[in-house]
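Notes follow once the structure below has been shown.
Bear in mind that the values in this text are calculations on the coordinates, not laboratory data. This one's a predicted model, so the numbers in the text were calculated from it and none came from an experiment. Here Cβ is always computed from backbone atoms with ideal geometry, including for glycine, and neighbour counts include all displayed protein chains.
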Amino acid sequence: MNSNDEKVIVFKNDAVGDLTQSLKAINNIIDGHKDKTIEVYLSERSEKFSFLINKKNIIFKRINYDLNLSEKIKLIFHLIKNKITNIYILTPKNFYFYLPFFFRSIKFYALCINGPNNYKRPPLFLRKYLFKYIINDRAAIFKRDHTSKLQADLTQKKNINVADNINIELKISDLLNKNLPNNYAYFHLKKSITDKLSWNIDDLFKLFNFFLENYDHVVFTRDIEKNNKDDFLKGKFKTIDFRNNKVLEQNLNSKILLYDNIEGEDLYNTIFNSSKVIAFHGMMTNLASINKKSIIDMWFCDIKNYNDYKNYRNAFYEFKPKYNGYDFIIPSKNINKTIKKLSNFI
């Protein structure tokens, strides 16, 4: 610990995709407080991706995505007992915005939210206790800044320039090292969306065979969940099970590989080493964008009214990366139409 025992706190206890949007801001904070210990709070959803932040003056702490009463009480006592100089609220949860009212000697920096129907988080009367804040205006009907830029602007200190490139030190497991092919398309299967699109196993095979026309292999992952008897992928693909350290269905087509139960550095390595990333918008596309991978981001839209349209459009402004090599499509229920759209960017 630093000799003066001063600490800086960063609240970033949300999902992995949201963590990637805050990496530039967190690096700004680290480089602006090199003389202090920095406590970064991550959630159960993102703690396995702490390797994305590889600085020496960091202590990682876990706090639930949804804070319980015990955690709130412990956090308050932690602020009382320690010499905290700055707190950065990069995850705009309501509880955090009440802390500046009680801890007025601490400088609070915060990402605030404005929404439709005059919604404000936090309310205006609490914002006056923040040392500095920036607003993510989700009610805006105009094009607005990406959330990464907003957070970077919030945390940027004068005369301190932080490189845009994020250097990440990675480990690769023996299992991944032995089973990672060359020249592969990476696809992430999000069953909640494919169900809405009514894609079946035949549609997936048609999609994967299209990828194989352009790449030597297909590696795909899926959301980690308890597999049940209705697992429609079971026995269909050669599977690398990272939880149990096993290779299953070895006799099946080795050009299409399911990486099951993969997390953390192995997942990031799989995305990083791919020739092309094709995934529904979310965690995987955000991870791929860190190193500006070649991406086709599939933005699923279920628009039933004008408000749905506004929400999707605003999300697009807020989260869409901007660099050469990033492309997006809106997938169709008709797999042939989706493949036709993909063919423009493969």
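Rounded to the nearest 10 degrees, the inclination of helix 23-32 to the longest alpha-carbon principal axis of the chain is 30 degrees. In the frame of its principal axes, the range 174-343 has Cα extents of 49, 35, 31 Å, reported largest first. Counting only Cα atoms, the size of the range 6-155 along its three principal axes is 41, 32, 28 Å, in decreasing order.
Excluding same-chain neighbours fewer than eight residues apart, the aspartates and glutamates reachable from LYS171 by a Cα-Cα span under 14 Å are GLU263, GLU265, ASP266. Once the C-beta distance of GLN156 and PHE95 is scaled by a Förster radius of 30 Å, the resulting FRET efficiency is 0.70 to the nearest 0.05. Here the 3J(HN,Hα) profile of the range 255-268, calculated from phi with Karplus coefficients 6.51, -1.76 and 1.60 at θ = phi - 60°, is 7, 10, 10, 9, 8, 9, 6, 9, 9, x, 5, 5, 5, 4 Hz, Gly and Pro shown as x. The helix-based estimate of mean residue ellipticity at 222 nm for the chain, built from -39,500 (n - 2.57) per DSSP H run of four or more residues and divided by its residue count, is -9000 deg cm²/dmol to the nearest 500. Taking a ≥ b ≥ c as the square roots of the eigenvalues of the alpha carbon gyration tensor, the range 3-59 is prolate, as a/c is not under 1.5 and a/b beats b/c.
Extending 7 Å from the Cα toward the beta-carbon at both PHE205 and SER50 defines two label points whose distance is 4.5 nm. Angle of helix 69-81 to the longest C-alpha principal axis of the chain, folded into 0 to 90 degrees and rounded to 10: 50°. Of LYS191, LYS171, the sequence from fewest to most neighbouring Cβ atoms within 10 angstrom is LYS171, LYS191.
Straight Cα distances below 20 angstrom link LYS236 to the lysines LYS190, LYS191, LYS206, LYS226, LYS246, LYS255, with same-chain residues fewer than 8 positions distant left out. Its Cα centre serving as origin, the range 37-98 has a Cβ charge dipole (Lys and Arg +1, Asp and Glu -1) of approximately 200 debye. Counting DSSP beta bridges with both partners in the chain, what percentage is antiparallel, nearest 5? Of the beta bridges lying entirely in the chain, close to 10 percent run antiparallel.
Summarising the label geometry, the points placed 7 Å from Cα in the beta-carbon direction at SER275 and ASN64 lie 4.6 nm from one another.
Here the Karplus relation 6.51 cos²θ - 1.76 cosθ + 1.60, evaluated at θ = phi - 60°, turns the backbone of the range 39-47 into coupling constants of 9, 10, 8, 10, 8, 4, 7, 10, 4 Hz, with x for every Gly and Pro.
In summary, the aspartates and glutamates within cross-link reach of LYS341, defined as a Cα separation below 12 angstrom excluding same-chain residues under 8 places away, comprise ASP297, ASP327. Only beta bridges with both residues in the range 1-151 are counted; by DSSP, about 10 percent of them are antiparallel. Only the Cβ atoms of Lys and Arg (+1) and of Asp and Glu (-1) were treated as charged; on that basis the dipole of the chain about its Cα centre amounts to roughly 1100 debye.
Close amide H partners of SER332, meaning residues 5 or more places away or on another chain with modelled amide H under 5 Å apart, are THR338.
What FRET efficiency comes out for ASP302 versus SER173 if R0 is 30 angstrom and r is the Cβ-Cβ distance? Round to the nearest 0.05. After rounding to 0.05, the efficiency reads 0.20.
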